[in-house]
Structures are given as C-alpha cells and as structure tokens.
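What follows is a set of notes on a single structure, which appears directly below.
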Amino acid sequence: MRPAPTTRAQYRAFSTLTTRWIDNDIYGHMNNAVHYQLFDTAVNGHLLEQGALELRGGAGVFLVVETGCHYFSELAFPDLVTAGIKLRKLGTSSVTYEVGLFRGEAQSAAAQGHFVHVYVDRETRRPMPMTAALRAILERLL
C-alpha cells in the first residue's frame with residue numbers, strides 16, 4: 001500500500017538543501033537518483049553537526065545498507081528543499097531514518113523515504129554496538 005505524504009510536523013530535525021542545474025533530467029524535473037543523494041546529505045550533515053561522525057578517525061563508521069523512496073510531486077532546480085529527519089528504529093548497531101523532502105515552504109513531502117545505517121568497525125567493516133554518546137545523539141530523533 002502506498003503511504004500518504006508526511007508533513008513537516010512529523011519530523012524532528014531539518015536541513016535546507018539547494019538543488020543544482022545538473023539535478024534536472026531531460027523531463028525537466030529532478031532525477032530520482034538525486035533524491036537519494038539528498039537523503040545521504042541530510043542524514044550525514046545532521047550527524048556531523050551533532051558531533052556524531054568522525055570522518056578521519058574514530059573506531060566506527062556508518063555504512064548504508066538499504067534505501068527506499070516514495071515520490072509524490074516533482075522537485076526541480078532551482079527549488080530550495082528542506083529535508084526532515086526522524087528515526088523509525090534504533091537498534092544496537094543499526095539505525096533506520098525516515099527522511100521527507102519538502103519543496104520550498106510546502107507542508108507535505110514531495111518525496112519521502114528511508115535510509116538504514118549500520119555502525120561498523122572502521123577496519124574490519126563488521127557491525128559493532130554504537131557508543132552511549134552516539135546513541136544519545138540519535139535518540140533525540142525518535
């Protein structure tokens with residue numbers, strides 16, 4: 001069953017993202033693959049802002065293991081997009097985000113999807129439990 005578009009009020013954190021000329025496809029709207037790039041940028045940007053990511057150090061890193069998206073209305077350059085973020089599930093080593101993409105000041109999502117991260121050892125790439133500090137940051141999105 002296809003979900004209904006979410007609203008801004010259903011999300012816990014937000015980031016503003018700009019579209020680019022190259023994001024449009026021959027049909028004059030944003031190519032579907034760009035939506036996934038915006039999900040990635042919104043989630044990882046939020047984690048960086050909160051001090052949850054150490055790009056060049058630290059024992060663990062997040063890897064994307066699953067994504068999905070439902071499309072409701074078109075986005076295109078030069079739209080300004082607001083990405084809403086919340087958590088669907090917080091496990092021991094994994095986290096499932098829900099991300100809504102809103103065109104301009106729209107209250108209903110133009111697209112919404114999910115994004116699953118697994119926390120893994122930087123060297124072995126094997127799942128490992130998230131630290132208490134990292135969990136505390138993520139719990140704010142529940």
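Some observations on this one:
- Evaluating ALA133 against the criteria (1) farther than 12 Å from GLY84 by Cβ; (2) at pLDDT 95 or above; (3) of a type in the set (Gly, Ala, Ser) leaves one unmet condition, (2).
- Considering residues of segment 83-100 that are of a type in the set (Val, Ile, Thr) and surrounded by 21 or more Cβ atoms within 10 Å (Cβ to Cβ) only, the residue farthest from LEU138 (Cα to Cα): VAL99
- Residue check, PHE62 in contact with a His (Cβ under 9 Å, 6 or more places away or on another chain) and in a helix (DSSP H, G or I): no
- When segment 1-57 is limited to residues that are closer than 19 Å to ILE85 by Cα, assigned to a helix (DSSP H, G or I) and charged (D, E, K, R), the one that is modelled with the highest pLDDT turns out to be ARG8.
- Looking only at residues in segment 23-42 that are in contact with a strand residue (DSSP E or B) (Cβ under 8 Å, 6 or more places away or on another chain) and hydroxyl-bearing (Ser, Thr, Tyr), the one that is surrounded by the fewest Cβ atoms within 10 Å (Cβ to Cβ) is THR41.
- Neighbours by Cβ (under 9 Å, 6+ apart or cross-chain): first from segment 19-40, closer than 18 Å to GLY104 by Cβ and basic (Lys, Arg); second at pLDDT 95 or above and not in a strand (DSSP E or B): ARG20/VAL34; ARG20/PHE77; ARG20/PRO78
- Scanning segment 101-110 for residues that are of a type outside the set (A, V, I, L, M) and farther than 20 Å from HIS46 by Cβ, we see that the one that is surrounded by the most Cβ atoms within 10 Å (Cβ to Cβ) is SER108.
- Count of residues meeting criterion [part of a strand (DSSP E or B), more than 20 Å from MET30 (Cβ to Cβ) and either under 13 Å from the mean Cα position of the chain (by Cα) or among the β-branched types (Val, Ile, Thr) (or both)] in segment 81-96: 5
- For segment 117-139, a tally of residues being over 11 Å from LEU63 (Cβ atoms), surrounded by fewer than 12 Cβ atoms within 10 Å (Cβ to Cβ) and among the charged types (D, E, K, R) returns 2.
- Some residue of segment 58-70 being surrounded by 12 or more Cβ atoms within 10 Å (Cβ to Cβ), in contact with a strand residue (DSSP E or B) (Cβ under 7 Å, 6 or more places away or on another chain) and closer than 17 Å to ARG12 by Cβ: no
- Tallying residues that are in a strand (DSSP E or B) and in contact with a Leu (Cβ under 6 Å, 6 or more places away or on another chain) within segment 102-142 yields 4.
- Scope segment 1-20; condition surrounded by 14 or more Cβ atoms within 10 Å (Cβ to Cβ) and hydroxyl-bearing (Ser, Thr, Tyr); matching residues: THR6, THR7, TYR11, SER15, THR19
The values are calculated or read from the model by the stated rules, or taken from the named source; none is laboratory data. Just so it is clear, the structure is predicted and the values come from calculations on it, not from any experiment. With ideal geometry, Cβ positions are generated from the backbone for all residues, glycine too; neighbour counts draw on all protein chains shown.
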